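Right, one structure below, let's go through it.
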Amino acid sequence: MRAPIGIRISSRRKALGRSQAALARAVGISPSYLNLIERNKRDVGGAVLLRIAAALGLDIGELTGEAEHRLVADVAEAFADPVLAPLGFDGEAARDLVAGNPALAAALARLHRAYAESRNERDAYADRLRTDPLLREMLHQVLSGITAVRSGAEILADVPDIGEDDRRRFVNSIGSEARMLTGVARNLLGHFESEAAVRRAGSPARELDDLIFENDNYFAGLEAVAISLRREVEAFGPFGEAALVEALARRFAVTVGRSGDRQRDAFGFPGQYRYDAETRTMWFEGSAIAATRQFQLARLYAELAAGDAIAQEIDTPLLTGEAARRLAFRALGSYLAAAVVLPYERFLADAETLHYDIEALRQTYMASFEQVAHRLATLRCPDARGIAFGFLRSDPAGRLTKHFPLPGLLLPTSGHACPLWVIYEAFRQPETLIRQLVRFADGSRYLFLARAGARRSNAFGDRRVHTSVMLACDLLDADRTVYARGLDLAAAEGDVPVGPACRLCTRADCASRQEEAALPGEAHFAVRAPLVPRSF
Amino acid sequence: MAIDVLIAEDEPSILESLAFILKRAGWTIEAVTDGDAVLDAARRLRPRLLVLDVMLPRRSGFEVLKAIRSDRMLSGLSVLILTAKGQQQDRRTAEELGADGFVTKPYANAEVVDAVRRLLGEALAQ
């Protein structure tokens, strides 16, 4: 799904009162090619796009419309919702709406998001009512209490010759059961009220997403802080684990320990590392690798030395609840740690020199694959951009657990992606980087890179859950990376035909389809039909 | 000494009223309050009928029923199961395990008395 770059180019050109031929001449392309670009019939990127932007006096970001792109995707998703699908709005309608009335499009997208969230909430409640052990226990108590009350009351009513002792016994028993039921009813109400309080905060993860998108995954304030933090650490030796340990000890009296056992936090959640604020001790499990230790020490240093800077970034109306602020603080603490370990300017220069070779960058910075991949997706400083990468992470169940989109490329925000994406194939060849050239139904082409890995196990029987991390970049940028070597980028026949996810994919001829498309205005094609044609 | 009805129910108030109405209907009764005790008591007391609650501590009513049906001495014992309203799956499970009758909580006393009477092969009260 492409952002309407063409529409933006043509409307800006018309606003400036220039002809297609004049702009084409200024950019150095043929008028017919410009015509195709303006009608979104041709991809445009790289040097040509830069020249067009310059000729129109626009910033490249305004032209590619990254914000609009996300809005178009959101509106298209709303249109594809079963509630709206019968009205027949298609992707074109979504683009037109965003181009013609962005405020209204934003309102529609927000409304749809709220609707989808409340629908998920309803499903979660239905699940809870069926399976919640606490509710089941309360239901059992209610039924028992009512059974006893009813049975006792019937005895008192139906047995005229009941003895005084028995009568008193049943009256007492009805009384105590009624008191018990009152307690259960109170618990039940309390249960729902606390649930509602938790829910009211909305979806904290989604609010964090909004904060990251709003900043284009680049936080200039934190980058500046990172430069001085790194300098502080380097006063204790060449940057690395030893200097971090020293800096933490001298500045914050923190000791760093290793332990054979898995560490648990205050809630009992097991992890490879844990900070005990009371004793000022950072614990690492023996199996934690050097990259993890370096990164988490940097994160601790960042939280201790620059907590205020992080707090300032999360002081925004986008985050409405405690949970969202907690998630955001954690995420931005990690961002700051990454900026300390992988300093922007040097990292960008090295990335360019090494042609974005992630393994080589790992060696240079003693960092993990995910740390490097994630940092690459943050090279969005307006004055010094790297290749624009989308970032995605999946667990082995296919669930997407982290994502940052790429202009033009629709990365699903939750659930699962297209089963053909290399992010899933990577699970079959763990610890190996796999590349893939893909083509979407609209003709847009991307380079996907994925690698699955797991933390080291700490004992026999310790279950290692792999996660797969994927980077995506526009094919136009692929030749700047080492991963294009040996590939014929011009030959589209080798591309894997993919979609965003089955529900949003228009390919009728895909043998890997798992679910019917929910796209309005497209011919409906059934999956999993009987062999012999039926009317349904 | 054989008895008419053995009740397996852990809620004291329910047990109290069950015992009262079944005694009043003319049967001899004994009671146990957890799943582990049911089989022993059944062997010892040789009841004509077992009234068995599904939700028993230690050993669920289902486990008890399954053990009874595979026990040479007890397999012929009539079993009336007390299930909770709305738990359709409980009822199916009990049927598959060979329960002879069901009463759903919360019940009317007459439902229990009638079900017991039917399973004991006695004429229903007029």
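With a ≥ b ≥ c taken as the square roots of the eigenvalues of the C-alpha gyration tensor of chain B, please select rounded if a/c is under 1.5 and otherwise prolate if a/b is larger than b/c or oblate if it is not? Rounded, because the longest to shortest axis ratio a/c is under 1.5. Separation of region A:435-479 from region A:345-369 is 17 Å, based on Cα centroids.
Distant-in-sequence amide contacts of B:Phe102, defined by a placed amide H-H separation under 5 Å and a gap of 5 or more residues or a different chain, comprise B:Ile81. In region A:305-446 the Cα-Cα distances spread across 5 Å bins starting at 0 as 2, 8, 15, 18, 20, 18, 11, 6, 1, 0 percent of all pairs.
Taking the C-alpha atoms only, the angle from helix A:241-252 to the longest principal axis of chain A is near 60 degrees. Mean residue ellipticity at 222 nm from the helices of chain A, using -39,500 (n - 2.57) per DSSP H segment of n ≥ 4 over the full residue count, to the nearest 500 deg cm²/dmol? Rounded to the nearest 500, it is -16500 deg cm²/dmol.
Distance distribution note for region A:419-475: the fraction of Cα pairs above 14 angstrom is 56%.
Using only the C-alpha atoms, the convex hull of region A:389-525 corresponds to 127 Å³ per residue. In a reduced charge model with +1 at each Lys and Arg Cβ and -1 at each Asp and Glu Cβ, chain A shows a dipole moment near 820 debye about its Cα centre. Each other residue within a Cβ distance under 14 Å of A:Leu56 adds +1 if Lys or Arg and -1 if Asp or Glu, for a net charge of +4. Peptides A:159-166, A:334-341 ordered by packing proxy, namely the average of other Cβ atoms within 10 Å per residue, highest first: A:334-341, A:159-166.
What does the charge count around A:Phe391 come to, taking other residues whose C-beta lies under 12 Å from its C-beta (Lys +1, Arg +1, Asp -1, Glu -1)? Cβ neighbours under 12 Å give a net charge of +3. Taking every residue in B:14-26 and counting other chain Cβ atoms within 10 Å of its Cβ, the average works out to 4. In terms of other Cβ atoms within 10 Å, A:Ser151, A:Ser287 run from fewest to most in the order A:Ser287, A:Ser151.
Calculated translational diffusion coefficient of chain A (4 °C, 1.567 mPa s; Stokes-Einstein with Kirkwood radius over alpha-carbon pairs) equals 48 µm²/s. Note on the protein assembly as shown: lysine pairs with Cα distance below 24 Å, sequence gap of 8 or more or different chains, count 5. Cα centroids of region B:47-126 and region A:79-97: 57 Å apart. The relative contact order of chain A, computed from alpha carbon pairs under 8 Å that lie at least 6 residues apart in sequence, is 12 percent.
When you count, for each residue, the other Cβ atoms within 10 Å and take the mean per peptide, how do A:459-465, A:73-79, A:495-501, B:15-21 rank with the highest first?
By packing density, highest mean first, the sequence is A:73-79, B:15-21, A:495-501, A:459-465.
Rounded to the nearest whole Hz, the Karplus-based 3J(HN,Hα) values (6.51 cos²θ - 1.76 cosθ + 1.60, θ = phi - 60°) of region A:25-34 follow the sequence 5, 4, 7, x, 10, 7, x, 5, 5, 4, with x at glycine and proline.
Computed from the coordinates by the stated procedures, all read-outs in this text should not be read as laboratory data. These numbers were taken from a predicted model, which means no experiment stands behind them. No Cβ is skipped: glycine too gets one built from the backbone with ideal geometry, and neighbour counts run over all protein chains shown.
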